[in-house]
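Written out below as structure tokens is the structure these notes cover.
Please treat every number below as a calculation from the coordinates, not as lab data. It should be emphasised that the depicted structure is a prediction, and the values quoted were computed from it without experimental measurement. Note: ideal-geometry Cβ built from the backbone for every residue, glycine included; neighbour counts use all protein chains shown.
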Amino acid sequence: MKKKSSLMTHIAGSPYIIWAVLFIIVPLCMVAYYAFTDKSGNFTFDNMLSIGKYTDTIILSIWLGLLATVISLVVAYPLAMIMAAKGPEKQSRMTMLIMLPMWMNFLLRTYSWMTILEDNGLLTTGLNYIVDCLNTLPNVSLDPVHLINTRGAVVLGMVYNFLPYMILPIYTVMLKADRSLVEAAQDLGGNKLDVFRNVTIPLSVPGIVSGFTMVFVPSVSTFFISQKLGGTGTTLIGDIIETQFQTANNFNLGASLSFVLMILIFICLAVMNKFSDDDGGVVI
Amino acid sequence: MSNNIIDLKNISVSFDGETIIDDMNLYIRDKEFITFLGPSGCGKTTTLRIIAGFQQPDSGDVIFDGKVINGVPPHKRQLNTIFQRYALFPHLNVYENIAFGLRLKKTPEKEIKEAVTEMLALVNLKGFERRNISSLSGGQQQRVAIARALVVKPRVLLLDEPLGALDLKLRKDMQVELKNIQKRLGITFIYVTHDQEEALSMSDTIVVMDSGVIQQIGTPTDIYNEPKNAFVADFIGESNIIEGVMRADFWVEMAGHKFKCLDKGFGVDEEVDVVVRPEDVDVVPVEEAMISGVVTSTTFKGDYYEIIVEIKGFKWMIESTHNQTVGSTIGLNIIPDAIHIMKKSKYSGLYGDYSSFSEEFDELSDATYEEEDE
């Protein structure tokens, strides 16, 4: 009987195992293989060594990714708190509103931002009108606003696209938190700030960590957002990897860049997890 | 100055148009162990939350030590709460949980250490300082919760069904322990429970509540021996509630017999509810008996038999150390002291006799009380 049931588990589990091997393990091995070989398939460190000249790009990618993640956190945290405190009906309506943009195509959303931010776009025209008005005042001389093709635009694009991934995990954790813990903290002499600092934040750490991961990883490796909103001035590591595969046809360099990026992200998240000091429910 | 620590004056609360507490007046004496007892939804937990400050009354005053504290937030009140499911902080260990209140008060580290050590000794948890909350059993978590609340030296400790989640044996032990702690520290305990046995064995004063109204306030013996109405009689212990008529002072007629009793002051021929506790009915030979009836069932309960006897269409429960055969006719005597007369109330006639066992329903409502009473 026991053997039969374990056979059944094997059969039931096999699609997932096959999936994992085919689409996760094998591609990872292929990335590693390409990263450490040259075009003719010989083992080499040349790809790795040539990454040095992309250091600035890598640092910029991580910096912008980090910035976008922190901004997302700052925006998402209060929102998640407000949502978790509302009645069930309002909660589902707000969740819906947050999810709604995600049903639209990612490319479309980024293109929309292009038209909003471009020099003759809605936002820029509006802001420049204000700038013109201010410039008529004495001693005021402001440059016209330029939004598209800046790093700010790229960060905005990242925050806009990935914000829901920050809100939802934090909201979920807060929703699950026992309300009586807040009451217990008040009961023991905690004012609102004490309760927030000593109970609300520590309890939401798992949500913060998983939100951080889910925003940081796609932000660091994005190429589409930086291409459309950052112009030529903001080239990220994702753009370079894309170029290697699409135009330069240098799979080996592309693979080694991916490999290094993966390791860097892994290190960032490991540091993050260390901070949280929490052993359960964290996505790495 | 009276020795009342808390006074509730004309407190009313309603949620969504439903009255939870209806014009409640209550005083609580300093250093007493007082219990709010009642079924789910009777308003006992709400009353506790009003005292703690988590809930504001729609009208009425909460007076603490002579001062109205209506708008005072919980963290500024000199009382602490033990929550139904303990509400220990899962991200802190035992030591930090207990130290929580002291840290908020910016107590020096050395004093915190002394106080926490003392509290751990008080609740028998020496050596548990570094343990994780999740690694503790229910009883141990309970003790940590008690230590955490007591370490900040409250004048009043509020306990919201604190033993509800523990198994029977542990619950009995904790009852004794809580009572000891209360005596030793000499502070006021306000205890909320739906368990009448718990209330009877621990309290100095019991406040029996139903549908937002206090039904009776008294010592455990008063409440048990002199219930004010059919609700209290039914809720506290087993009781036969029989319709009777006061024929004169000290004489009540029920089940077709005139009994001598110790109650007076009722109108002649006034209809009343009569309470007779099952353990107060004596089984005697039929020829010597005041009343007699047919045994319809018996149940062995360990130290006694629970015997259901039908007398003139009404099924009585009696408790006896001797078993009786089902179907036989037995005689019953009731001494005057065992008869308690109550005025008719809105609860009269609600509880019926023992023709159907209510135990099953009791258990059903037990299982749901946790969800409802929040």
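Sorting B:157-164, B:262-269, B:329-336, A:133-140 by average packing, meaning the other beta carbons within 10 Å per residue, from highest down gives B:157-164, B:329-336, B:262-269, A:133-140.
Straight Cα distances below 16 angstrom link B:K113 to the aspartates and glutamates B:E96, B:E129, with same-chain residues fewer than 8 positions distant left out. Taking only Cα atoms and a 10 Å spring cutoff, compute GNM fluctuations for chain B and point out the largest among B:I34, B:I21, B:I69. Sorting by GNM fluctuation, first place goes to B:I69. Taking a ≥ b ≥ c as the square roots of the eigenvalues of the Cα gyration tensor, chain B is prolate, since a/c reaches 1.5 or more and a/b is larger than b/c.
Put a plus charge on the Cβ of each Lys and Arg, a minus charge on the Cβ of each Asp and Glu, and nothing anywhere else: the dipole of the protein assembly as shown about its Cα centre is then about 3100 debye.
Think of segment A:51-273 as having a plus end and a minus end, set by charges on the Cβ of Lys, Arg, Asp and Glu; of A:Q246, A:A68, A:I208, A:I208 sits farthest toward the positive end of this dipole.
Simple spin-label estimate for A:M104 and A:Q91 gives 2.8 nm between the two label positions (7 Å along the Cα-to-Cβ direction from each Cα).
The calculated FRET efficiency for the pair B:H257 and B:D303, based on their C-beta separation and a Förster distance of 30 Å, comes to about 0.55.
Shape class of segment B:197-347 from the alpha-carbon gyration tensor: oblate, with a/c at 1.5 or above and b/c at least as large as a/b.
Stretching the chain fully between B:K113 and B:S211 yields a gain of 30.8 nm (0.36 nm per residue, less the alpha carbon separation). Give me a single rounded figure for B:84-93: the average over its residues of other chain Cβ atoms within 10 Å of their Cβ. Going residue by residue through B:84-93 and averaging, the value is 5.
Going from the residue with the fewest nearby Cβ atoms within 10 Å to the one with the most, B:H194, A:H10 rank A:H10, B:H194.
Compared with the direct C-alpha span, the chain from B:V176 to B:K343 gains 56.6 nm at full extension, assuming 0.36 nm per residue. One compactness figure for chain A is 1.26, namely its Cα radius of gyration divided by 2.2 N^0.38 Å.
Mean partner shielding of peptide B:294-305, defined as the number of other chain Cβ atoms within 10 Å of each residue Cβ, is 0.
Return the FRET efficiency for the residue pair A:V140, A:Y111: r is the Cβ-Cβ distance, R0 is 35 Å, and the value is rounded to the nearest 0.05. It comes to 0.50. Peptides A:243-251, A:178-186 ranked from most to least packed, by the mean per-residue count of other Cβ atoms within 10 Å: A:178-186, A:243-251. In this rough spin-label picture, where each label sits 7 Å from Cα along the Cβ direction, the A:I11-A:K274 distance is 4.8 nm.
Based on DSSP H assignment, which helices of chain A show an axial Cα extent of at least 18 Å together with a mean Kyte-Doolittle hydropathy greater than or equal to -1.0? Don't skip to the end; give the middle numbers.
Details: long enough: A:2-20 (26 Å, 0.03); A:55-85 (45 Å, 1.91); A:88-103 (22 Å, -0.08); A:122-135 (20 Å, 0.91); A:151-176 (37 Å, 1.18); A:201-221 (30 Å, 1.51); A:251-276 (37 Å, 1.86).
Answer set is A:2-20, A:55-85, A:88-103, A:122-135, A:151-176, A:201-221, A:251-276.
The magnitude of the dipole of chain A, with charges of +1 and -1 set on the Cβ of Lys/Arg and Asp/Glu and taken from the Cα centre, is near 940 debye.
Taking 2.2 N^0.38 Å as the expected size of a compact globular protein, what ratio does the Cα radius of gyration of the protein assembly as shown give against it, to two decimals? Write out the running numbers ahead of the final one.
Details: Rg = 36.2 Å, N = 658, 2.2 N^0.38 = 25.9 Å.
Normalised Cα radius of gyration, the protein assembly as shown: 1.40.
Under 5 Å between amide hydrogens, built in the peptide plane, is the criterion, and for B:F259 it picks out B:V252, B:E253, B:M254 among residues at least 5 positions away or on other chains. Label positions at B:E243 and B:K169, each projected 7 Å from the Cα along the C-beta direction, are separated by 4.8 nm. Cβ-Cβ distance of B:T321 and B:V72, R₀ of 35 Å, FRET efficiency by 1/(1 + (r/R0)^6): the value works out to about 0.05.
Partner shielding of A:174-186 amounts to 5, given as the average count of beta-carbon atoms from other chains within 10 Å of each residue beta-carbon.
Along the positive direction of the dipole of the protein assembly as shown (beta-carbon charges: Lys, Arg +1; Asp, Glu -1; about the Cα centre), which of A:Y160, B:F54, A:F224 reaches farthest? Projecting each Cα onto the dipole axis, the largest value belongs to A:F224. Qualifying chymotrypsin sites (Phe, Trp or Tyr not before Pro) in segment A:1-84, where qualification requires a DSSP coil assignment and no more than 13 other C-beta atoms within 10 Å, comprise A:F45.
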